Amino acid sequence: MSKKSVKDISVAGKTCLVRVDFNVPVKDGVVTDVTRIEGAVPTIKYLIKEGAKIVLCSHLGRPKGEFNLKYTLKPIAAKLSEYLGKPVLFAEDVIGPSAKQLKAGLKGGDVLLLENLRFHKEEEENDKEFCKALSEGIDVYVNDAFGTAHRAHASTAGVAQYGFVKTAVSGFLIQKELEIMGGALDAPKRPFVAILGGAKVSDKIGVINNLLEKVDTLIIGGAMAYTFLKALGKNIGASLCESDKVELAKELLQKAKVKKVKFLLPLDNKIADAFANDANQKVVEGDIPDGWQGLDIGPKTIKLFTDAVANAKTVIWNGPMGVFEFENFAGGTKAVAEALSKTDAVTIIGGGDSAAAVTQLGYADKMTHISTGGGASLEFLEGLELPGVACLNEK
């Protein structure tokens with residue numbers, strides 16, 4: 001089911017409420033990471049070129065529904081104006097007199113940024129009256145914040161859901177997420193390999209279940225692998241394990257067998273006698289001795305996983321292979337990132353730690369797509385309908 005994007009409608013002279021993700025780190029009034037701002041620029045520039053009147057809205061941090069200048073979006077308006085090469089107007093409120101006055105005075109090509117949406121608790125409550133006030137004078141709703149698309153908030157879904165704005169479309173960022181991630185899930189080039197890592201099986205149950213219906217090979221690394229190894233009767237020492245999920249892990253392994261999906265788990269592990277970068281460490285195959293814990297995959301596993309990637313035509317990766325923040329236990333994650341950078345497969349990085357790893361290692365430009373949403377991309381991979389996408393007009 002495809003959704004309309006800004007290119008499918010005429011926006012000239014229309015007032016567009018654009019939900020962007022400007023939840024960026026700000027220190028002493030200076031934006032310290034501009035990635036998300038840069039991500040929003042193509043949609044905003046397109047709307048400027050088409051002569052739309054642009055009203056941008058975003059949240060920043062967790063002000064808990066109270067006006068708190070620590071979380072003001074003002075520095076972001078200044079930073080954005082540098083990218084656009086034109087002034088960005090800033091409203092000192094969201095639905096108050098400043099916003100109303102500035103909205104009313106907009107001309108084609110003007111850009112206005114509203115103050116932090118979450119200064120109102122009604123934003124996260126998806127309050128109908130707040131949605132109505134936010135929609136005042138708005139002709140078109142544009143959602144370009146994939147990172148919050150799994151939230152049913154006023155600005156991510158409510159304004160369109162309640163029918164206050166009838167024309168609701170995606171910006172280029174969300175359009176790309178839907179086309180590339182959606183395309184990979186619905187009609188992947190095969191072999192289709194999914195790599196899942198991170199700490200908890202419980203966070204990824206739905207994703208594993210959904211991917212077992214679609215992939216040819218499922219690779220499990222990171223701490224969540226130890227719950228599966230325990231399910232196979234292996235001794236995992238002091239490794240992180242969700243004991244209450246061992247039975248479920250057995251069921252998922254059985255499902256993979258029935259579906260004829262290759263289910264790859266670590267053959268060897270890099271283990272340590274404490275959770276620290278400078279702990280004593282060694283590589284073991286099979287059982288992990290008592291008192292030791294697995295913190296990364298070993299060399300045989302690296303070969304197993306990277307060989308599977310080398311032969312793939314579509315790869316989705318979400319979650320590191322070990323404790324990536326410890327240099328001594330980052331090898332598995334680095335090896336997978338490098339393998340993905342060398343393949344000619346469609347490579348999709350599902351946000352969060354994997355996206356950070358790929359970017360840090362300098363492989364970002366070698367990937368087909370790096371998702372801008374952590375929780376949203378997980379729910380998308382799980383096959384769930386995202387409120388911020390469901391509310392958009394269908395083609």
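Could you check THR343 against (1) crowded, with 24+ Cβ neighbours inside 10 Å; (2) over 27 Å from ASN143 (Cβ atoms) and say which number it fails?
Result: THR343 passes all but (1).
Take the conditions in contact with a strand residue (DSSP E or B) (Cβ under 8 Å, 6 or more places away or on another chain), surrounded by fewer than 22 Cβ atoms within 10 Å (Cβ to Cβ), in contact (Cβ under 8 Å) with a residue 40 or more places away in the chain and closer than 23 Å to THR156 by Cα and apply them to LYS313. Does it pass? Before the answer, list the steps.
Details: in contact with a strand residue (DSSP E or B) (Cβ under 8 Å, 6 or more places away or on another chain): yes; surrounded by fewer than 22 Cβ atoms within 10 Å (Cβ to Cβ): yes; in contact (Cβ under 8 Å) with a residue 40 or more places away in the chain: yes; closer than 23 Å to THR156 by Cα: no.
So LYS313 does not fit the description; no.
Which ones in segment 18-77 are within 18 Å of the chain's Cα centre (by Cα) and part of a strand (DSSP E or B)?
ARG19
Tally the residues that are under 19 Å from ASP21 (Cα atoms) and surrounded by fewer than 18 Cβ atoms within 10 Å (Cβ to Cβ), restricting the search to segment 88-134.
Number satisfying all stated conditions: 4.
For segment 353-390, how many residues meet the condition of being farther than 26 Å from ASP33 by Cα and in contact with a Phe, Trp or Tyr (Cβ under 8 Å, 6 or more places away or on another chain)?
Residues that pass the stated criteria total 1.
Against the condition within 17 Å of the chain's Cα centre (by Cα), assigned to a helix (DSSP H, G or I) and surrounded by 20 or more Cβ atoms within 10 Å (Cβ to Cβ), how does VAL159 come out, does it pass? Outline the logic, then answer.
Working: within 17 Å of the chain's Cα centre (by Cα): no; assigned to a helix (DSSP H, G or I): yes; surrounded by 20 or more Cβ atoms within 10 Å (Cβ to Cβ): yes.
No.
What are the residues in segment 189-231 that are in a loop (DSSP other than H, G, I, E, B) and under 18 Å from ASP290 (Cβ atoms), if any? Write out each step before concluding.
Pass one, segment 189-231, residues in a loop (DSSP other than H, G, I, E, B): 189-191, 197-204, 212-216, 221-223.
Matches in segment 189-231: ALA223 only.
Among (1) surrounded by 21 or more Cβ atoms within 10 Å (Cβ to Cβ); (2) among the aliphatic types (A, V, I, L, M); (3) under 15 Å from the mean Cα position of the chain (by Cα); (4) farther than 13 Å from CYS391 by Cα, there is one condition ILE180 misses while meeting the rest; what is its number?
(1)
Looking at segment 223-236, which of the residues that are out of contact with any Gly (no Cβ under 8 Å at 6 or more places or on another chain) and of a type in the set (A, V, I, L, M, F, W, C) is surrounded by the fewest Cβ atoms within 10 Å (Cβ to Cβ)?
LEU232
Quick check, is GLY388 part of a helix (DSSP H, G or I) and farther than 22 Å from ASN311 by Cα? Steps first, please.
Working: part of a helix (DSSP H, G or I): yes; farther than 22 Å from ASN311 by Cα: yes.
Yes; evaluated as a whole, the condition is true for this residue.
So ALA335 ticks every box in (1) surrounded by fewer than 24 Cβ atoms within 10 Å (Cβ to Cβ); (2) touching a Gly at 6+ places or on another chain (Cβ under 6 Å) but one. Which box is left unticked?
Evaluating ALA335 over (1) surrounded by fewer than 24 Cβ atoms within 10 Å (Cβ to Cβ); (2) touching a Gly at 6+ places or on another chain (Cβ under 6 Å) leaves (2) as the failure.
Kindly indicate whether any position in segment 348-357 is among the charged types (D, E, K, R), within 30 Å of ALA187 (Cβ to Cβ), touching a residue at least 60 places away in the same chain (Cβ under 8 Å) and surrounded by 18 or more Cβ atoms within 10 Å (Cβ to Cβ). Spell out how you get there, then give the answer.
We begin by selecting, within segment 348-357, every residue among the charged types (D, E, K, R); these are 353.
Okay, now just the ones that are also within 30 Å of ALA187 (Cβ to Cβ), so 353.
Imposing the further condition that a residue be touching a residue at least 60 places away in the same chain (Cβ under 8 Å) reduces the set to 353.
Remaining after also requiring surrounded by 18 or more Cβ atoms within 10 Å (Cβ to Cβ): 353.
Yes, there is a match, as at least one residue in segment 348-357 is among the charged types (D, E, K, R), within 30 Å of ALA187 (Cβ to Cβ), touching a residue at least 60 places away in the same chain (Cβ under 8 Å) and surrounded by 18 or more Cβ atoms within 10 Å (Cβ to Cβ).
Look through ILE205, ILE220 and report the one residue that is in the same structural domain as ALA357 (by TED's automatic domain parsing), surrounded by 23 or more Cβ atoms within 10 Å (Cβ to Cβ) and closer than 23 Å to PHE380 by Cβ.
Details: ILE205 fails: surrounded by 23 or more Cβ atoms within 10 Å (Cβ to Cβ).
Unique residue meeting the criteria: ILE220.
Determine, yes or no, whether SER239 is among the small types (Gly, Ala, Ser) and surrounded by 19 or more Cβ atoms within 10 Å (Cβ to Cβ). Give the steps one after another, and end with the answer.
Details: among the small types (Gly, Ala, Ser): yes; surrounded by 19 or more Cβ atoms within 10 Å (Cβ to Cβ): yes.
Taking the combined requirement at face value, the residue satisfies it.
Mind checking which residues of segment 158-195 are free of Cβ contacts under 8 Å to residues at least 12 places away in the same chain and acidic (Asp, Glu)?
Passing the criteria: GLU179, ASP186.
The values are calculated or read from the model by the stated rules, or taken from the named source; none is laboratory data. Nothing here was measured: the structure is a model prediction, and the numbers come from that model. Reconstructed Cβ throughout: ideal geometry from the backbone, glycine too, with neighbour counts over all protein chains shown.
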